[in-house]
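See below for the structure under consideration.
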Amino acid sequence: MRHRERIRKDFYYKKAKAEGYRSRAAYKLKQINDKFRIIKEGDIVIDLGAAPGGWIQVAHEIVGEKGFILGVDIEYIKPLPWDNIRILQEDITDPAIGEKIKIKLTKEKADVVLSDLSPKVSGNWNLDHEKQIYLSEKALEIALKVLKKRGHFLTKIFQGRTADDFILKMKRGFKYVRLFKPMASRKRSAEIYVIAKWKT
């Protein structure tokens, strides 16, 4: 089956189109938050790798008008119709990105950092895995800089030989670390999400 045909037949792709979400990934965040409750009403949330904005939409449903969401991506994100959302079009590997994010926050620290970052897939699995873990490490660095004490972090990783080392780094920064693959992830995908709660 060709790639476009698979997309057309994808349940969550169709569901996202029908319900107005910008990506099928919106349901991954919904399912993760239903299970782990990392985002709550009124939270300040940073979404790394936010394009096209599906996770921002879901986060906004949860935080409501009392919360705040900052979406960060090197790609352009079409504006969303809420006053408590800001977009920062920047490269998350920029050494100054932590300070740029802090400038955009409504308060000094965030409650939650989300990361659904992925590299452009080359087809070379080892290379793609290493690139993805690199992005996750950058997201972790940002999270440790901008999260308040007892803040939460969610990131995607590709399973592979360096994943265990990355998870150990997560455990040094957070008291609770769990792995979870939501139903909305494609079965053939090697992606898995790391849920980290209570920043130390």
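The values are calculated or read from the model by the stated rules, or taken from the named source; none is laboratory data. Here the structure is a predicted model, which means the values were calculated and not measured. Because the Cβ atoms are built from the backbone with ideal geometry, glycine has one as well, and the counts that use them run over all protein chains shown.
Could you tell me how many of the residues in region 180-200 are under 19 Å from ILE38 (Cα atoms) and over 14 Å from the mean Cα position of the chain (by Cα)?
Summing the residues that are under 19 Å from ILE38 (Cα atoms) and over 14 Å from the mean Cα position of the chain (by Cα) in region 180-200 gives 6.
Just the residues that are more than 19 Å from ARG186 (Cα to Cα), over 13 Å from the mean Cα position of the chain (by Cα) and charged (D, E, K, R), please, taken from region 16-47.
GLU19, ARG37, LYS40, GLU41, ASP43
Counting only residues that are exposed (fewer than 12 other Cβ atoms within 10 Å of the Cβ), at pLDDT below 95 and among the basic types (Lys, Arg), give me the helices (runs of 4 or more DSSP H) lying completely in region 1-87 with at least 3 of them.
Fully inside region 1-87 and qualifying: 3-9.
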